[in-house]
Number of protein chains: 2
Amino acid sequence: MQRWKLTIEYDGRPFVGWQRQDNGMSVQQALEEAVQRLSGEEARLHASGRTDAGVHALGQVAHVDLAKPFLPDRVRDGLNFHLRPWPVAVLAAEPVGEEFHARFTCTGRSYVYRIVNRRAPLALEGGRAWHVRRPLDASAMHEAAQVLVGRHDFTTFRAALCQANSPVRTLDRLEVTRHGEELRVFAAARSFLHHQVRNMVGTLELVGAGKWTAADVSRALEARNRARGGPTAPPDGLHFLDARY
Amino acid sequence: MQRWKLTIEYDGRPFVGWQRQDNGMSVQQALEEAVQRLSGEEARLHASGRTDAGVHALGQVAHVDLAKPFLPDRVRDGLNFHLRPWPVAVLAAEPVGEEFHARFTCTGRSYVYRIVNRRAPLALEGGRAWHVRRPLDASAMHEAAQVLVGRHDFTTFRAALCQANSPVRTLDRLEVTRHGEELRVFAAARSFLHHQVRNMVGTLELVGAGKWTAADVSRALEARNRARGGPTAPPDGLHFLDARY
């Protein structure tokens with residue numbers, strides 16, 4: 001049995017999310033079916049973390065155990081061949097030891113959330129960014145974001161359905177930068193709660209629009225109450241960036 | 001009668017190209033139908049230049065004459081409303097004088113051609129970039145590109161169907177840069193021949209792969225013979241960037 005670490009890119013639009021579900025195609029199912037066509041094995045994939053429907057990945061990491069021996073390039077190219085026509089690509093396949101676990105040994109995850117801030121609709125980036133029409137102040141958003149950095153109870157930014165045991169997380173970085181009409185929110189932590197990035201971005205958007213101040217964000221965090229946070233930003237802008245081990 | 005300058009973004013995938021054709025929807029038709037729904041006028045749009053099927057635009061410029069008076073924001077927002085669901089967005093609408101002509105008074109056009117250079121298929125950038133699997137040397141491509149800069153007879157890089165009177169053009173800039181796994185070819189000139197950018201990129205790809213040298217590109221240019229140039233790069237990677245006046 002060989003454990004394989006896979007680095008995966010996907011467009012989240014056609015999927016119900018990472019995890020297998022009864023109501024549609026998941027990234028996990030697309031990959032597991034490709035594994036079966038490549039090796040004949042019914043193997044389960046474990047990701048560093050689930051992503052919701054419509055959320056994209058530039059560098060998701062997953063592992064799978066295969067009994068049949070393969071060369072690394074054959075795993076990557078063979079999976080890519082069998083993944084067509086789904087918009088999922090295996091960027092790298094590396095043999096790893098059994099001590100490696102995509103989820104449990106992951107020491108850092110990062111996301112980038114893209115906002116296109118302009119009046120006109122998105123002809124090229126529809127589904128790949130959140131379209132915000134009202135002008136946003138990226139500096140004010142970045143400043144308010146620093147309130148959330150560090151170890152906190154993130155109940156205010158946690159989905160009602162979140163299954164994590166504890167709402168306490170340590171947010172290492174939350175940075176907002178403007179690149180022309182595009183704003184990027186970069187978030188890094190050991191792990192995130194369900195919807196945490198989208199809920200933080202939805203709250204920072206209120207700051208960018210001048211509706212909230214950094215002090216409002218601080219009070220919302222301290223309230224430990226989802227109803228006190230801003231709205232959940234749409235999945236379109238969220239991109240899973242990478243997982244560290 | 002008021003002349004309007006429109007700055008336009010579009011995803012070229014669902015279109016037969018800029019120009020109206022009998023065999024499918026064009027960007028021009030989508031815009032002219034939106035103009036009619038907004039103002040009730042059957043007005044013709046003139047673009048700075050045509051783009052082929054599958055070619056994208058970040059800043060195409062076109063003009064249209066409207067008898068009915070409008071505020072600029074109303075032209076932009078009204079056209080965008082009526083353009084749905086086509087992936088075409090009017091970024092700006094400005095009133096201009098009758099001396100302005102999107103095609104005939106344009107003094108500079110620029111394009112960027114995107115190549116993603118890696119083994120794995122493109123899950124996120126399919127249709128938006130040329131996927132080249134073999135490793136490319138961007139520095140060698142940039143060096144060879146300089147052979148093409150300046151005033152030349154570009155017959156070697158001109159489509160057989162090109163309708164321009166003269167094959168002579170002055171290429172102001174042709175720059176190849178690498179950004180991680182992505183290569184960008186930036187091209188600027190007063191005007192381009194039909195397929196000129198795609199034919200130059202297809203030739204530079206041969207240089208990047210080590211099949212051709214800069215001297216081969218020079219000889220191909222001097223031959224003034226399309227059969228001596230490299231292949232035509234696919235439309236996917238080509239983005240019309242902007243038009244200057």
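Among the residues making up the stretch A:165-192, those that are in a loop (DSSP other than H, G, I, E, B) and over 16 Å from the mean Cα position of the chain (by Cα) are A:ASN165, A:SER166, A:PRO167, A:GLY180, A:GLU181. Just to be sure before I move on: is A:PRO95 within 22 Å of B:ARG118 (Cβ to Cβ) and either among the hydrophobic types (A, V, I, L, M, F, W, C) or within 14 Å of chain B (Cβ to nearest Cβ) (or both) in the structure I sent? Judged against the criteria, A:PRO95 is not a match.
When the stretch A:78-87 is filtered for residues that are at the interface with chain B (Cβ under 10 Å from one of its Cβ atoms) and buried (at least 18 other Cβ atoms within 10 Å of the Cβ), the ones remaining, listed by number, are A:LEU79, A:ASN80, A:LEU83, A:TRP86, A:PRO87. Given the structure, is B:VAL112 at pLDDT 95 or above and in the same structural domain as B:HIS142 (by TED's automatic domain parsing)? So B:VAL112 passes the test. When the stretch A:75-116 is filtered for residues that are among the charged types (D, E, K, R) and closer than 27 Å to A:THR177 by Cβ, the ones remaining, listed by number, are A:ARG109, A:ARG114. The sole residue among A:LYS5, A:LYS68 that is away from chain B (no Cβ under 14 Å), assigned to a loop (DSSP other than H, G, I, E, B) and either within 15 Å of the chain's Cα centre (by Cα) or charged (D, E, K, R) (or both) is A:LYS68. Is there any pair linking a residue in the stretch B:1-28 that is in the same structural domain as B:ASP73 (by TED's automatic domain parsing) and among the aliphatic types (A, V, I, L, M) to one that is crowded, with 22+ Cβ neighbours inside 10 Å and part of a loop (DSSP other than H, G, I, E, B), with Cβ under 8 Å and at least six apart or on different chains, and which? Short answer, once both residue conditions are applied: B:LEU6/B:LEU45; B:MET25/B:PHE15; B:VAL27/B:GLY12; B:VAL27/B:PHE15; B:VAL27/B:TRP18; B:VAL27/B:THR51. Restricting attention to the stretch A:179-202 and to residues that are in contact (Cβ under 8 Å) with a residue 60 or more places away in the chain and closer than 19 Å to A:GLU125 by Cα, the residue that is surrounded by the fewest Cβ atoms within 10 Å (Cβ to Cβ) turns out to be A:GLU181. Could you pull out the residue among A:ALA129, A:ALA123, A:ALA138, A:ALA164 that is over 14 Å from A:VAL217 (Cβ atoms) and at pLDDT below 95? So the residue among A:ALA129, A:ALA123, A:ALA138, A:ALA164 that is over 14 Å from A:VAL217 (Cβ atoms) and at pLDDT below 95 is A:ALA164. Among the residues of the stretch B:145-158, those identified as touching a Lys or Arg at 6+ places or on another chain (Cβ under 8 Å) and crowded, with 16+ Cβ neighbours inside 10 Å are B:VAL149, B:HIS152, B:PHE154, B:THR155, B:THR156, B:PHE157, B:ARG158.
With in a strand (DSSP E or B), away from every other protein chain (no Cβ under 12 Å) and closer than 27 Å to A:ALA129 by Cα as the only criterion, which of A:VAL61, A:VAL90 stands out? Within the list A:VAL61, A:VAL90, the selection yields A:VAL61.
When A:ARG50, A:ARG44, A:ARG13 are checked against the criterion of being among the charged types (D, E, K, R), more than 14 Å from chain B (Cβ to nearest Cβ) and surrounded by 15 or more Cβ atoms within 10 Å (Cβ to Cβ), A:ARG50 stands alone in meeting it. One residue stands out among those in the stretch B:101-126 that are part of a loop (DSSP other than H, G, I, E, B) and closer than 30 Å to B:HIS63 by Cα: the one that is nearest to the other protein chains (Cβ to nearest Cβ), which is B:ALA102.
The values are calculated or read from the model by the stated rules, or taken from the named source; none is laboratory data. The model shown is predicted, which means the values in this text are computed figures rather than measured ones. Positions of Cβ are backbone-derived with ideal geometry, glycine not excepted, and every protein chain shown enters the neighbour counts.
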